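The values are calculated or read from the model by the stated rules, or taken from the named source; none is laboratory data. Here the structure is a predicted model, which means the values were calculated and not measured. So basically every Cβ, Gly included, is an ideal-geometry build from the backbone, and we count neighbours across all protein chains shown.
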Amino acid sequence: MLWKKGRRSDNVVDERGDDGGGGGGGFRMGGKGLSLGAVVLIVGFGLLTGQDPMQILGQLTGQATQQQSAPAPQTRHAPPANDQQAEFVRSILGDTEDTWQAIFQQAGKQYRDPKLVLFSGRVNSACGLASSATGPFYCPADQQVYLDMSFFDEMSRRFSASGDFAQAYVIAHEVGHHVQTLLGVSAQVDAARQRGQRMEGDGGLLVRQELQADCLAGVWANHAQQRLNWLEPGDIEEALNAANAIGDDRLQQQGQGRVVPDSFTHGTSAQRVRWFKAGFAQGQIGQCDTFKAKSL
């Protein structure tokens, strides 16, 4: 991937090395603290299923993350100019900004750029305190993406999913959740949760939401390639391999030796690959309506 062609975003914040703890040993949602033991169990479950632990917390509390208050403001730093990993992230984020600004403008809407926070170890977001074990995540309460770049090493080591475009897919997926927030999709899913609609399991709303984010990542990839022609042979396969590696069925089989479809949160490997490819094929958001799809 010729990622150096991309415009560098100014919306990457470097909090690596900062103490993002803010006191306490657990996530806080809706003002109610969780014990350290509960947090360990939630993080462990998230690792096994590939689900964002903070989404699990949101389900347990039954409260939308948008209602959470933001953490106390801290001094925010731009990444150092000689940091190649950070430059890569700035390039990918910058191109997602260019892509989604253009798509929103064509639809008569305004796109608001998200911030992307680089952290190491742990970080305090408006959705709570998270550790590196959480993996990359998007917090709709502060409209920021959070990334510990050690996750990319884990992708390669644990999931055999390596390559720069595989990493770009991960970032684009999280930005896809930001797009969903701006379009009102996330609020609709939260409202459905409050009404008691099924969230988990094959065909559940969480699965459909995650698969749509995969499709939106594909839409971005299509537009980025048209604009920059930066993909090299094997790049798309890297993204598809990453999508395949983190499907619920594969993660559950690896983690617990069996597949439990009723607990799916992100979709199967085949589904994640299919929806990324659907977005990439034509680059149209209209191809990403996973909520109306009869078959995922």
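A few points about this structure:
- Candidate set from the stretch 110-122 (those that are touching a residue at least 24 places away in the same chain (Cβ under 8 Å) and assigned to a loop (DSSP other than H, G, I, E, B)); member that is surrounded by the fewest Cβ atoms within 10 Å (Cβ to Cβ): Arg112
- The residue of the stretch 160-175 that is modelled with the lowest pLDDT, among those that are over 16 Å from Thr134 (Cβ atoms) and hydrophobic (A, V, I, L, M, F, W, C), is Ala161.
- Summed over the stretch 231-271, the residues that are over 20 Å from His173 (Cα atoms) and of a type in the set (A, V, I, L, M) give a count of 2.
- Qualifying residue in the stretch 261-282 (condition: aliphatic (A, V, I, L, M), within 19 Å of Phe159 (Cβ to Cβ) and out of contact with any Pro (no Cβ under 6 Å at 6 or more places or on another chain)): yes
- Test result for Val170, of a type outside the set (D, E, K, R) and more than 19 Å from Glu97 (Cα to Cα): no
- Residue list for the stretch 197-241, restricted to those being among the small types (Gly, Ala, Ser) and touching a Pro at 6+ places or on another chain (Cβ under 7 Å): Gly201
- Residue within the stretch 221-229 that is crowded, with 22+ Cβ neighbours inside 10 Å and either within 17 Å of the chain's Cα centre (by Cα) or closer than 16 Å to Ser295 by Cα (or both) present: yes
- Residue within the stretch 131-138 that is under 14 Å from Glu238 (Cα atoms), of a type outside the set (A, V, I, L, M) and buried (at least 23 other Cβ atoms within 10 Å of the Cβ) present: no
- Taken over the stretch 246-296, residues that are in contact with a Leu (Cβ under 6 Å, 6 or more places away or on another chain) and without any contact (Cβ under 8 Å) to a residue 60 or more places away in the chain amount to 1.
- Residue that is modelled with the highest pLDDT, among those in the stretch 237-296 that are on the phi > 0 side of the Ramachandran plot and surrounded by fewer than 22 Cβ atoms within 10 Å (Cβ to Cβ): Gly283
- The lone exception for Ala126 - which of (1) at pLDDT below 95; (2) under 17 Å from Gln212 (Cα atoms) it fails: (2)
- Matching entry among Glu232, Glu200 (being of a type in the set (Asp, Glu) and either under 14 Å from Gly279 (Cβ atoms) or surrounded by 18 or more Cβ atoms within 10 Å (Cβ to Cβ) (or both)): Glu200
- Index of the failed condition, Leu183 passing every other in (1) within 25 Å of Asn11 (Cα to Cα); (2) aliphatic (A, V, I, L, M); (3) in contact with a helix residue (DSSP H, G or I) (Cβ under 7 Å, 6 or more places away or on another chain): (3)
- Ala86 of a type in the set (A, V, I, L, M), touching a residue at least 24 places away in the same chain (Cβ under 8 Å) and within 16 Å of Ile171 (Cα to Cα): yes
- Among (1) surrounded by 18 or more Cβ atoms within 10 Å (Cβ to Cβ); (2) of a type outside the set (Val, Ile, Thr); (3) at pLDDT below 95, the one test that Gln212 misses: (3)
- There is at least one residue in the stretch 159-172 that is among the aromatic types (Phe, Trp, Tyr) and surrounded by fewer than 23 Cβ atoms within 10 Å (Cβ to Cβ).
- All conditions but one from (1) more than 20 Å from Thr265 (Cα to Cα); (2) crowded, with 18+ Cβ neighbours inside 10 Å apply to Ser150; the one that does not is (2).
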